[in-house]
Amino acid sequence: MNAHSQFAARAVEQIRAEVSAPVAAPISAPYDFAVTVFHDIAAVESIWRRFTAAGIESPGQSFDFIRLWVEDRRIRSADQHYVLGTVNGEPVAILPLHRKRVHGVRVFTWFPGAHAGCYAPVADIAQLAALGPQGRAQLWRAMAGALKGADLAYLRSVPASLGVHGNLFDELGSHLSVETLFRAQFSSWEQCDSEQRSRSRRKHDRQQGDRLAALGEVAFEEVTEPVAAHTAVDIMFAQRSARFRSQGIRDAFVADHLMGFYHAALDAGSGVNVRLHVLRLDGAIVAVRYNVVHGDRMFCLISSMSDCERVQSGSPGKQCLLRVMQTVFDEGFAIFDMGSGFTDEKRHWCNVQVPLRQHYLSLSLVGALIVAGHQSYQRLRAWAKGNDRIKALRRMTRLAIERVTGARTSDQL
């Protein structure tokens, strides 16, 4: 076992050691449901860590990731809602929700928005499954009933299935399938290589590698030294900004002042296990991947590459990802999660696709009307994204607005 595999094993053991509460016995019917709402994440830490000791679906379920997010964004205690549902006195699920205003509407939603790939209630999966559809429906209704001060709860990007459990969230309000989560899941690099790369694909990767190597000395590394790591993240965000500008896309990292959070996650005391992979050409960083590790899973949150035309001829982004895939599965990770949204690299590498659903809980008449409108919008948006003519029209409209106003527009038009 190499050093990185040992580190991953120690991390899993450390998480398990932190959980002092014993595993609860199966809950038996009849069920007595109770709900408590906390406004301090520390109040649910021990239960949260117990629920996630065996693994998480994304950093959106990581206690340390959410704790850091709340601190960095300076979210008021009154707007933090950690809804704990118990059955017969046993904790079963936590809904960690941020109450905020979106376009003037009061909404409960996940804390990091679109920044963590997918989300789901933090739960004792075995107990949740044992409740059955009726029991889960009662639990979710009781937890929703404790939400006060907003018109709806909007729970984006919830997996339709968790491992062998395919329907644990069916009763969580109404839902709409609009996205897909992409993952690479292999027992080794050899399996990944043999199943995902054809002979022509290997030849293509080799040719791209040769073109990049012809430009200078190529080096790949995991950056661990703190100063170098922060420098690499600055370069990553600069590369992302350049790409957003060229595509006319809003740069949320800059506009929403989020770069500080990702820098803070690098610090040793953050509790977040960040793995930063970089590809260099003659010492200069030409591609970066910002990953978060939990147990035997690695989640890629951000990637970037140089916009230099000379360097792009060697496909630095693809060459960096090739080396990441080799590294991840050589080090014993079971899953490399690449998030939602279809891209060419996900088509090449990911052998697991998980449908994601938007869940809605109406908390008022106004909320019910908003839910109906938003679901219609989501259906229309999903249809438009899959229609080449509509995409071309959107692009032409955006360029026309830019010519008239002289300003970049968002791709959400």
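Per residue of the stretch 370-378, in order, report the coupling 6.51 cos²θ - 1.76 cosθ + 1.60 (Karplus, θ = phi - 60°) as ³J(HN,Hα) in whole Hz, putting x for Gly and Pro.
So the Karplus estimates, Gly and Pro as x, are 5, 4, 4, x, 5, 5, 5, 4, 4 Hz.
Run lengths n ≥ 4 of DSSP H only: what is the helix-derived mean residue ellipticity at 222 nm for the chain, with -39500 (n - 2.57) per run over all residues, to the nearest 500?
On the way: 14 runs with 177 residues, N = 413.
Theoretical 222 nm ellipticity from helices: -13500 deg cm²/dmol.
If you put +1 on each Lys and Arg Cβ and -1 on each Asp and Glu Cβ, how big is the dipole of the chain around its Cα centre, in Debye rounded to 20? Kindly include the intermediate steps, with their values, before the conclusion.
Numbers: 48 positive and 41 negative charges, 353 e Å.
Here the size comes out at about 1700 debye.
At 1.4 Å probe size, with the rest of the protein present, what percent of the exposed accessible area of the chain is carbon and sulfur atoms? Write down the numbers at each step before the final one.
Working: 10340 of 19520 Å².
Carbon and sulfur together cover 53 percent of it.
Taking θ = phi - 60°, what integer Hz values does the Karplus form 6.51 cos²θ - 1.76 cosθ + 1.60 yield along the stretch 221-228, in sequence order, with x for Gly and Pro?
Working through the residues one at a time gives 7, 9, 8, 10, 5, x, 5, 5 Hz.
Past the 23 angstrom mark, what percentage of all C-alpha to C-alpha distances in the stretch 32-183 do you count?
Values: 3561 of 11476 pairs.
So the pairs more than 23 Å apart make up 31 percent of the total in the stretch 32-183.
Provide the convex hull volume over Cα atoms per residue for the chain, in Å³. All intermediate terms of the calculation are to be shown ahead of the outcome.
On the way: hull volume 65.3 nm³, N = 413.
Roughly 158 Å³ of hull volume per residue.
Spelling out what I want: for every residue of the stretch 301-310, take phi, set θ = phi - 60°, compute 6.51 cos²θ - 1.76 cosθ + 1.60 (Karplus), and round to whole Hz; glycine and proline get x.
Result, ordered by residue: 9, 9, 9, 8, 8, 5, 9, 5, 4, 4 Hz.
Under a 1.4 angstrom probe, counting protein chains only, how are H348, H81 ranked by accessible area, largest first? Display every interim value, and only then the final one.
Details: H348 40, H81 10 Å².
So the residues, ranked largest to smallest area, are H348, H81.
So what are the three principal axis dimensions of the stretch 103-153 from its Cα atoms, in whole Å, longest to shortest?
Computed over the Cα atoms, the extents are 39, 26, 12 Å.
If you count, for each residue, the other Cβ atoms within 10 Å and average over each peptide, how do 121-131, 255-265 line up from highest to lowest? Each step should come with its number before you reach the end.
On the way: 121-131: 20.7, 255-265: 16.0.
In decreasing order of mean packing, 121-131, 255-265 become 121-131, 255-265.
For a protection proxy built on the mean count of beta-carbon atoms within 10 angstrom, sort 290-298, 205-213 highest first, please.
Values: 290-298: 21.9, 205-213: 14.8.
Descending packing order for the listed peptides: 290-298, 205-213.
At 4 °C and 1.567 mPa s, grab the translational diffusion coefficient of the stretch 145-248 from Stokes-Einstein with a Kirkwood Rh over Cα pairs, rounded to a whole number in µm² per second.
The Stokes-Einstein estimate is 65 µm²/s.
Could you state the angle between the C-alpha long axis of helix 316-330 and the longest principal axis of the C-alpha atoms of the chain, as a value from 0 to 90 degrees rounded to the nearest 10?
60
Output the 0 to 90 degree angle, nearest 10, between the alpha-carbon long axis of helix 199-213 and the longest principal axis computed from the alpha carbons of the chain.
The helix 199-213 is inclined about 60 degrees to the chain.
Give the distance, in whole Å, between the Cα centre of the stretch 236-294 and the Cα centre of the stretch 322-358.
18
Multiply the residue separation of W189 and A384 by 0.36 nm, subtract the distance between their alpha-carbon atoms, and state the gained length in nm to one decimal. Before the final figure, lay out each step's value.
Numbers: separation 195, 0.36 × 195 = 70.20 nm, distance 3.72 nm.
My answer for the length gained is 66.5 nm.
Can you count the Lys pairs in the chain with C-alpha separation below 29 Å, eight or more apart or on different chains?
For the chain, the number of qualifying lysine pairs is 9.
Quick check: the angle from helix 125-145's long axis to the longest principal axis of the chain, C-alpha only, nearest 10 degrees?
The answer is roughly 70 degrees.
The values are calculated or read from the model by the stated rules, or taken from the named source; none is laboratory data. The model shown is predicted, which means the values in this text are computed figures rather than measured ones. Heads up, the Cβs are rebuilt from the backbone with ideal geometry, glycines too, and the neighbour counts pull from every protein chain shown. For accessibility, only protein heavy atoms count, side chains too; no ligands or nucleic acids. Shrake-Rupley method; radii C 1.70, N 1.55, O 1.52, S 1.80 Å.
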